[in-house]
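The structure appears below as structure tokens.
The values are calculated or read from the model by the stated rules, or taken from the named source; none is laboratory data. Just so you know, these numbers come straight off a predicted model, no measurement behind them. Cβ atoms come from the backbone with ideal geometry, glycine included; neighbour counts cover every protein chain shown.
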Amino acid sequence: MNRSGSLTRLYNATAVTETSLVSPSGDNGAGSSARKLYVASDRQLRRKSHFQRLAIATAALDVPRRELVNVIGDKLYSSEGQMLWPDDTPFALPDIDDVFGGDGSFRWVSDFIHFALTPPRQLPQKRILDRLRVIDLYFRQEHEERARWIAE
């Protein structure tokens, strides 16, 4: 059994619950038709379970580590929705390359995906929260069902 297949089965075997991550168009009050996309809070991103589920979902994408940042950037930069913090204040999408530190080898991505199979021993460090937030935001935009599972 290959690694990708076992991760996909692990993801598919997990129940998905409803969580408010995205507000569909027309459901934003005040007559707005733009889709609202809520970013994860620091507290959510620092949970070990959220961190590991985010790693599992990222590994299941089966995108090469050097391409992952480009895929995320392309999708988030082309988003037509409104990105918001949980308190409804606007979220300014940072430069994706800056968030990932300009590391051409993207070694961090490989290390992160490793946590799909090995649970983290400690909480994610604050210095990587922006990276996790961008990855999480990608799932909230492109894979809503997986995003709900990650946020459980």
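Below are the figures for this structure:
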item: For LEU37: the one exception among (1) farther than 23 Å from VAL109 by Cα; (2) surrounded by fewer than 19 Cβ atoms within 10 Å (Cβ to Cβ); result: (2)
item: Boolean, LEU129 is outside any helix (DSSP H, G or I), aliphatic (A, V, I, L, M) and on the phi < 0 side of the Ramachandran plot; result: no
item: Condition check for ILE96: closer than 21 Å to ARG43 by Cα and either among the small types (Gly, Ala, Ser) or in contact (Cβ under 8 Å) with a residue 12 or more places away in the chain (or both); result: no
item: Meets criteria (loosely packed, with under 11 Cβ neighbours inside 10 Å and not in a helix (DSSP H, G or I)) for ALA116; result: no
item: Qualifying residues in region 85-116 (those that are among the small types (Gly, Ala, Ser), farther than 13 Å from LEU68 by Cα and at pLDDT 90 or above) - the one farthest from the chain's Cα centre (by Cα); result: ALA92
item: Those helices (runs of 4 or more DSSP H) lying entirely in region 38-79 with at least 2 residues touching a strand residue (DSSP E or B) at 6+ places or on another chain (Cβ under 9 Å) and either under 19 Å from THR118 (Cβ atoms) or charged (D, E, K, R) (or both); result: none
item: Verdict on SER79 being surrounded by 13 or more Cβ atoms within 10 Å (Cβ to Cβ), at pLDDT 50 or above and hydroxyl-bearing (Ser, Thr, Tyr); result: yes
item: Filter pass, GLU142 being over 14 Å from ALA40 (Cα atoms) and touching a residue at least 24 places away in the same chain (Cβ under 8 Å); result: yes
item: Criterion violated by PRO24 - all others in (1) at pLDDT below 50; (2) under 19 Å from LEU93 (Cβ atoms) satisfied; result: (2)
item: Residues being without any contact (Cβ under 8 Å) to a residue 24 or more places away in the chain and touching a helix residue (DSSP H, G or I) at 6+ places or on another chain (Cβ under 6 Å) - total across region 47-76; result: 1
